[in-house]
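Novice: Pasting a structure here, questions to come.
The values are calculated or read from the model by the stated rules, or taken from the named source; none is laboratory data. What you see is a predicted model; the values in this text were computed from it and never measured. Here the Cβ positions follow ideal geometry from the backbone for every residue, glycine too, while neighbour counts run over all protein chains shown. The area values use the complete protein model at the heavy-atom level, side chains included, leaving out ligands, DNA and RNA. Shrake-Rupley method; radii C 1.70, N 1.55, O 1.52, S 1.80 Å.
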Amino acid sequence: MLPDVNKIRTIKEIPNIDLFVSGHRLCAGCGIPILIKNVLRAIPDPKALVNATGCLEVASTIYPYTSWKVPWVHVAFENAAAVASGIEAAFRALERKKGGQKYNVIALGGDGGTFDIGIQALSGALERGHDLIYICYDNEAYMNTGIQRSGGTPLGAATTTSPAGSVIPGKPEYKKSLMDIVVAHGVPYAATLNPAYPVDMYNKLLKANEFEGPKFFHYYSPCPVGWWASESMSIEIARLAVQTLVWPLYEVEYGKYRITVNIRNPKPIEEYLKTQGRFRHLFKPENRWIIDELQRRVRENWERLEKLTKL
Amino acid sequence: MSVTDTERMKRVGLNGDEAVAYAAKHANVDVVAAYPITPQTIMVEKISEFVYNGELDAEFIAVESEHSALSAAVGASLAGARVFTATASQGLALMYEILYIASAMRTPIVMALGNRAFSAPINIHCSHDDAYAVRDTGWLQFFAENVQEAYDLVLMAFKISESPEVLTPSIVNLDGFILTHCIEPLYIWNERYIQEFLPDRKPVEAIDYRNPKTYGPLALMDYYMLIKRQQYEVVRRARATIDRVFDEYSRWSGRRYRAIKTYMMDDAEYAFVVLGSTAGTMRSMVDKWRGMGRKVGLVSLTLYRPFPEDDLRRILSGVEAIGVMDRSHTYGGPGAQLYQEIASTLYSLDEHPRLLNIIYGLGGKDFGPEDAEAAYKYLMRPDVREVWLGVEG
């Protein structure tokens, strides 16, 4: 394991620079701006961002305005990783041929743009080993188009395309394990992030600067609108996600797992589920089995992670 | 300069794919993002060889799909690189979404398209379905008649596309197998001299952290139509740059390039209009018909987008009947694609030539002198407006 250089201990050590500025139309309580501000502070210049179509893109660049004080590129929904591959390769070629500067290239996509429509482009970029950072901000549904289920939506969650129906009570399928898919590509570094743990998040982002090749972050992004939750509760919900083992905070360096926020006494998953309207129907007696199943799965996943850290 | 100047260029035998790969190499491209598909495959193989043997200093991104090929090309072009890609039929269909974005984001990518029929049934041979299908995407389009033209047009396309007043991507079409896989003699440049015609790209508004810009924003009803109008004007006005670069290359190479090639049109009573390699066959047939006293001429388009409509009106006015040859077709529409465009172009004339739509050669179906004879016979019949050569039934 590489030494943790430049590690911070408190959020006061995060530099007070702002490259993503006010005027954007992201909702109150949205988790995305917290991520972006930290990314832009932790990843040094020269840098360029590629943004998949989604909430962040439409809310930050309504022509003729922009919230970005860094080069920012949007091409389409499913191809952020491919566009970033092209930018990275171009700067590599131009550095070699014309003495240009190599850029830190950061690709951003939501869960729809990463788990589903963008998974092929992501897999290709990871396999080819481009020196870039890919960040999935996961709010667990297609929020920009109005809360449709994605491969990142958890079991039982109600969305507009997996409603809490009288026959089918919310999404019948499990959330896809994106981190496992990414790690299976053999990337140098992959980590989960959560806005309630900013020091953990910032240190992981800083760490990305130490690796050559594809770096991947999976960010838990609260969405009050899509989760039928209070805007004032976003950070609390995010914290509960970690404390109930729904969102384990860990990192994988060249296949070596490390849990970065240990949870000794996990809270019952109901404490997390009850904060969000998308899970309200699960508390009906006939749907109790879904809560039990979610509880079983998060425990199993945590135990699996603990085993992986010992490998 | 003489075309036999062996110091500056040499005569070689290459198939169309190889010639295109040499053109990309001679253009000193920085990034190539491409996915293999028949009949384009030899292009990516040859370029890979150049890169892996150190003969071309470029990043070859072996992407996982054509969608990613063009996406990566857009990214690389925004970063300031000279970018090449190549595909055919199904691959172009997979790129379709990004074609519009590449042109609207003003990325001067050059793409070679080995023209191939669309599935189903799956077929790897020549139709112009693919070129036609993307005619409205805002890309400039050129058609090569032979391997020499494919090579030359790729070099010219870089110069045209990268011109600051154009900044629009180009497609160079070459007929699948007929050109992509046939070895023909051609002149290729001694690389030392390419810079005279095609210096390195000077990017406009490329990604620069010291001068950060937002590329690809959301534009709603207040700005979208204005932005589209601007792009429309850019493509329309690109014609002046195309003519200038064609002239410059013609002088430089000794091979004459024009938007439209006319043959025996001065006194023609009958004319055929054609795209791609079939022009060669038709030109030899015109010679034969002229020998028989028939006043037939040929018009072949090197430039397909922007469509050279003013020239065509001038060239085709006064002709009695025109056979518009489409290596494609449309379903339930008023004639195939080139036919529709010729018909629209000529509509403003006071006297309209009679038009015949000749659908030929789909999926590589052979087109030979006897087929040209059949086309001529149909052109003489005012009662026929459309014919599928070889499958008239």
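Novice: Per residue of the protein assembly as shown, what 222 nm ellipticity follows from adding -39500 (n - 2.57) for every DSSP H run with n ≥ 4, rounded to the nearest 500?
Specialist: Computed ellipticity for the protein assembly as shown at 222 nm equals -11000 deg cm²/dmol.
Novice: So what's the net charge close to residue B:231: Lys and Arg +1, Asp and Glu -1, counting the other residues with Cβ under 14 Å from its Cβ?
Specialist: Net of charged neighbours comes to +3.
Novice: With the cut-off at 1.5 for a/c, could you classify segment B:260-388 from its C-alpha gyration tensor as rounded, prolate or oblate?
Specialist: rounded
Novice: Measuring from centroid to centroid over Cα atoms, what is the spacing of segment A:1-72 and segment B:266-338 in Å?
Specialist: Measuring centre to centre over Cα atoms gives 57 Å.
Novice: Residues of segment B:288-326 with amide nitrogen under 13 Å from the 7 Å Cα-to-Cβ point of residue B:229?
Specialist: Backbone N within reach: none found.
Novice: At a Förster distance of 22 Å, what's the computed FRET efficiency of residue B:7 paired with residue B:244, Cβ-Cβ distance as r, to 0.05?
Specialist: 0.25
Novice: Take every DSSP beta bridge with both residues inside chain B and express the antiparallel ones as a percent of the total, to the nearest 5.
Specialist: In chain B, DSSP labels about 25 percent of beta bridges as antiparallel.
Novice: OK, next. Going 7 Å from the Cα of residue B:264 along its beta-carbon direction, which residues of segment B:354-371 have the amide nitrogen within less than 15 Å of the resulting point?
Specialist: Label zone hits: B:369-370.
Novice: Separate question: Nearest 5 percent is fine: what portion of the DSSP beta bridges confined to the protein assembly as shown is antiparallel?
Specialist: Percentage antiparallel, nearest 5: 25.
Novice: Continuing with the same structure: Could you check the spin-label model distance between residue A:95 and residue B:292? Points 7 Å from the Cα along Cα→Cβ, value in nm.
Specialist: 6.7
Novice: Let me ask something else about it. When ligands, DNA and RNA are left out and all protein chains stay put, how many square angstrom of accessible area per residue does chain B have with a 1.4 Å probe?
Specialist: 39
Novice: Going toward the positive end of the dipole of chain A, with +1 on Lys and Arg Cβ and -1 on Asp and Glu Cβ, which of A:104, A:165, A:179 do you reach last?
Specialist: A:104
Novice: Give the shape of segment B:47-175 as rounded, prolate or oblate, defined through the alpha-carbon gyration tensor: a ≥ b ≥ c are the square roots of its eigenvalues, a/c under 1.5 means rounded, and otherwise the shape is prolate if a/b is larger than b/c and oblate if not.
Specialist: rounded
Novice: Continuing with the same structure: Of all the accessible heavy-atom surface of segment B:9-253, with the other protein chains kept in place and a 1.4 Å probe, what percent is carbon and sulfur?
Specialist: Carbon and sulfur atoms account for 55 percent of the accessible area of segment B:9-253.
Novice: Please give every one of the lysines within straight-line cross-link reach of residue A:12, meaning a C-alpha to C-alpha distance under 17 Å, and leave out same-chain neighbours fewer than 8 residues apart.
Specialist: A:37, A:204
Novice: Looking at this model, which pairs from B:159/B:261; A:7/B:202; A:175/B:228; B:25/B:288; B:295/B:365; A:256/B:46 are more than 31 angstrom apart at the alpha-carbon?
Specialist: Where the Cα-Cα span goes over 31 Å, the pairs concerned are A:7/B:202; A:175/B:228; B:25/B:288; A:256/B:46.
Novice: Using alpha carbon centroids, what distance separates segment B:191-225 and segment A:242-311, in Å?
Specialist: The two parts, judged by their Cα centres, are 47 Å apart.
Novice: Counting other Cβ atoms within 10 Å, which chymotrypsin sites (Phe, Trp or Tyr not before Pro) in segment B:268-346 have at most 10 and lie in a DSSP loop?
Specialist: Filter output for segment B:268-346: B:331.
Novice: Taking the Cα centre of segment B:260-388 as origin, sum charge times position over the Cβ atoms of Lys and Arg (+1) and Asp and Glu (-1), and report the length of that vector in debye to the nearest 20.
Specialist: Dipole size: approximately 240 debye.
Novice: In the neighborhood of residue A:71, defined by Cβ-to-Cβ distances under 12 Å, what is the net charge if each Lys or Arg adds +1 and each Asp or Glu adds -1?
Specialist: Charge balance near residue A:71 sits at +1.
Novice: Applying the Karplus parametrisation 6.51 cos²θ - 1.76 cosθ + 1.60 with θ = phi - 60° to the phi angles of segment A:43-49, what ³J(HN,Hα) value in whole Hz is obtained for each residue in order, glycine and proline being reported as x?
Specialist: 9, x, 6, x, 9, 9, 10
Novice: At 7 Å along the Cα-to-beta-carbon direction for both residue B:284 and residue A:288, put a label point, then send me their distance in nm to one decimal.
Specialist: Label at residue B:284, label at residue A:288, 8.6 nm between them.
Novice: Let me ask something additional. Which of the aspartates and glutamates could be linked to residue A:47 by a straight reach, that is with a Cα gap under 18 Å, when you skip same-chain ones fewer than 8 residues away?
Specialist: A:18, A:57, A:88, A:95, A:131, A:210, A:212, B:205, B:208
Novice: While we're here: Quick check: pseudo-label points 7 Å beyond the Cα along Cα→Cβ at residue B:210 and residue A:310, how many nm apart are they?
Specialist: Result for the modelled spin labels: 5.5 nm.
Novice: Let me check I've understood the local charge: for residue B:141, count other residues with C-beta under 13 angstrom from its C-beta, Lys and Arg +1, Asp and Glu -1. What total comes out?
Specialist: Cβ neighbours under 13 Å give a net charge of 0.
Novice: Moving on. On full extension of the chain, what length is gained from residue B:221 through residue B:350, given 0.36 nm per residue of separation minus the C-alpha to C-alpha distance?
Specialist: 42.5 nm
Novice: Counting only protein heavy atoms and rolling a 1.4 Å probe, how much accessible area do B and A lose on contact, total for both sides, in Å² to 100?
Specialist: Interface area, both chains combined: 3300 Å², rounded to the nearest 100.
Novice: Tell me, what is the per residue accessible area of segment A:5-309 in Å², probe radius 1.4 Å?
Specialist: Accessible surface, normalised per residue, equals 38 Å².
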